[in-house]
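Enquirer: Sharing a structure, written as structure tokens. Questions coming.
What follows is calculated from the coordinates using simple rules that are stated; it is not laboratory data. From a predicted model like this one, the values you see are computed outputs, not experimental measurements. Counting neighbours? That spans all protein chains shown, and the Cβs are built from the backbone with ideal geometry, glycine included.
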Amino acid sequence: MSGLRIGCGAGFASDRLDAAVELVERVPLDWLVLECLGERTLAFAHRDRRADPARGFDPLLERRMRALLPRCRARGVRLVSNMGAANPLAAGEATVRLARALGLSGLRVAVLLGDEVGELLGPDTPLWEGGTLGERGAPVGANAYLGCEQLLPALSTGAEVILTGRVADPSLFLAPMVERFGWALDDWQKLAAGTLVGHLLECGMQVSGGYFADPGKKDVPDLARCGFPLAEIEADGVAVIGKTPGSGGRVDAMTVKEQLFYEVHDPSAYRTPDVTADFSAVAIEEIGPDRVRVSGARGRPRPATLKVTVGFDGGFLAEAGVSYAGPNAAARARLARAVLVERMRSVHGYAGPLRIDLLGLRSLHATALPEPPESEDVRLRAALRAPDREPAELLLWEVEALLTCGPAGGGGYRGRITPQVTTASASLPRTAVATRVEVVEA
């Protein structure tokens, strides 16, 4: 049976679009995967859906689809994405409306439903982080990490586009392999091999040089035009990782090794809904420019439970800043910090968490490193998170007041308040989660 070409056209919600277009135009793909859903992204999507039932899917969905749908159809490329987020059916309907407007008659979109599992949880549900769901407050949404088993029925419809909510990142790539090659859902070695490929591709340009780049140490050519990665997979699970021809970036043993261990706490037991993968004996071989063969992943039975991400209302985040420049700038910034702490604590009685950084004085390391020689370019940045807006507004007020209330020379005030979410994790027996597929057509 012939091999399979899968490309990654997005590794997170705000990934580039032009590189995805180039990938589709330059490579004869079978599948394009857009992985756009992080845990906080999903929690924000639930918050958006609560405010407007027609929302809750990726806000960039229509922009991405407008560019990609005509190109994918012209080249016979099927597209799968978790851009459905907290409202996959609405995402499918929006895609169909766009297809009609583009004249893509007959385009079919299969929508995978059932990852939303809030009704299966209760206040006594234990959380991985400790405590119970009820102790954290009312959730805004809860979603199980589905795997390729749940995704396969959507693929079997033959739809050109498959949209999902929460599906484990590598499973988006694994399902097309299982469909093409007929791998059994208990063939742990093959599933581990496919999961390895999915894990390498799921973060987009991280494996083709993006997050890898470190000038003078790990140089990456033409980073501004970095290409998205793709994999050529054979029926035995052995794959070659590459990138868009003619694009910037690099794919070699070093970039592949970095991505191999990204977010993998135990390389011998990487747990997904599909398999417990062992990456500890993976072989990585450069076989040509921007071509790396990967093999040797091993597998054991999948977990009996599915991970669930639970989103909670996180209140409000206030961030405000003011700059000090010139001689004695660092001392003036320290004085501003002391004034701000005194005002918030003693004058206003605010006792909650308050963070104040002096950017330009190794602030990101806090007290881990000694401060460098005095800087003449320092920015005070203050932040707090609170369950209601009043402390957030108070912080912005006090930081802006530093412009005239001293110390001298403050300028460039900026401040903003943004709604926040928090997340926690739980588990559910996989047998408790029921999924279904709905197909909509242009």
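Enquirer: If we count other beta carbons within 10 Å of each Cβ, what is the order of Ile287, Ile356, Ile241, fewest first?
Expert: Working: Ile287 9, Ile356 21, Ile241 26.
By the 10 Å Cβ count, ascending, the order reads Ile287, Ile356, Ile241.
Enquirer: On to the next question. From the mean inverse distance of alpha carbon pairs (Kirkwood) and the Cα radius of gyration, derive Rg over Rh for the range 257-389.
Expert: We get a ratio of 1.22 for the range 257-389.
Enquirer: Note down the nm distance, to one decimal, between modelled labels 7 Å out along Cα→Cβ at Arg436 and at Ala304.
Expert: 2.9 nm
Enquirer: Once the Cα atoms of the range 311-425 are picked out, what are the Rg and Dmax in Å?
Expert: 14.7, 49
Enquirer: On the principal axes of its Cα set, how long, how wide and how thick is the range 217-267? Give whole Å, largest value first.
Expert: Rounded to whole Å, the extents work out to 33, 28, 15 Å.
Enquirer: Which one, Val264, Leu201, Gly122, projects farthest toward the positive side of the charge dipole computed for the chain from Cβ point charges (K/R +1, D/E -1)?
Expert: The residue sitting farthest along the positive end of the dipole is Leu201.
Enquirer: Could you run the Debye sum over the Cα atoms of the chain, one equal point scatterer each and no solvent, and tell me log10 of I(q)/I(0) at q = 0.05, 0.11 Å⁻¹, two decimals?
Expert: Debye intensities relative to I(0), on a log10 scale: -0.22, -0.95.
Enquirer: Quick check: residue separation of Ala253 and Glu342 times 0.36 nm, minus the Cα distance between them. What number comes out in nm?
Expert: 26.7 nm
Enquirer: Could you state the per residue volume, in Å³, of the convex hull enclosing the Cα atoms of the range 91-130?
Expert: Hull volume normalised by residue count: 98 Å³.
Enquirer: 7 Å from Cα along Cα→Cβ at both Asp219 and Glu400: what's the point-to-point distance in nm?
Expert: Here the answer is 4.8 nm between the modelled labels.
Enquirer: Arrange Tyr270, Tyr413, Tyr350, Tyr324 by Cβ neighbour counts within 10 Å, fewest through most, would you?
Expert: Tyr413, Tyr350, Tyr270, Tyr324
Enquirer: Then there is this: Please state the relative contact order of the range 311-425 as a whole percent: Cα pairs under 8 Å, 6+ residues apart?
Expert: Details: 214 pairs, mean separation 56.8, N = 115.
In percent, rounded to a whole number, it is 49.
Enquirer: Checking the cross-link filter: which lysines have an alpha carbon closer than 24 Å to that of Lys257, excluding same-chain neighbours under 8 positions apart?
Expert: Here the lysines satisfying the reach criterion relative to Lys257 are Lys190, Lys217, Lys218, Lys243.
Enquirer: Name the residue from Leu34, Gly103, Pro391 whose Cα lies farthest towards the positive end of the charge dipole of the chain, charges +1 on Cβ of Lys and Arg and -1 on Cβ of Asp and Glu.
Expert: Gly103
Enquirer: Here is a further query. In sequence order, what are the phi-derived ³J(HN,Hα) couplings for the range 383-392 according to the Karplus relation 6.51 cos²θ - 1.76 cosθ + 1.60 with θ = phi - 60°, rounded to whole Hz, with x for glycine and proline?
Expert: Running phi through 6.51 cos²θ - 1.76 cosθ + 1.60 with θ = phi - 60° gives 8, 8, 10, 9, x, 10, 7, 4, x, 5 Hz.
Enquirer: Plugging the Kirkwood radius over Cα pairs into Stokes-Einstein for the range 240-307, at a temperature of 10 °C and a viscosity of 1.306 mPa s, what D comes out in µm²/s?
Expert: On the way: Rh = 13.3 Å.
Rounded to a whole number, D works out at 119 µm²/s.
Enquirer: Just want the ordering: Asp377, Asp274, Asp214, from fewest to most Cβ atoms lying within 10 Å of their own Cβ.
Expert: Neighbour counts put them in this order, fewest first: Asp214, Asp377, Asp274.
Enquirer: For every helix of n ≥ 4 consecutive DSSP H residues, a contribution of -39,500 (n - 2.57) applies; sum these over the chain, divide by its total residues, and give [θ] at 222 nm rounded to the nearest 500 deg cm²/dmol. If you can, show how the numbers build up before the last one.
Expert: Values: 11 runs with 129 residues, N = 442.
When only DSSP H runs of four or more count, the value is -9000 deg cm²/dmol.
Enquirer: Please enumerate, by chain and number, the lysines with C-alpha under 18 Å from the C-alpha of Lys307, excluding those fewer than 8 residues away in the same chain.
Expert: Lys307 reaches no qualifying lysines.
Enquirer: Let me ask something else about it. Distances longer than 20 Å among the Cα atoms of the range 134-197: what percent of all pairs is that?
Expert: 34 percent
Enquirer: While we're here: Looking at the range 229-317, which GluC sites (Glu not before Pro) are DSSP coil and have at most 14 other C-beta atoms within 10 Å of their C-beta?
Expert: Glu263
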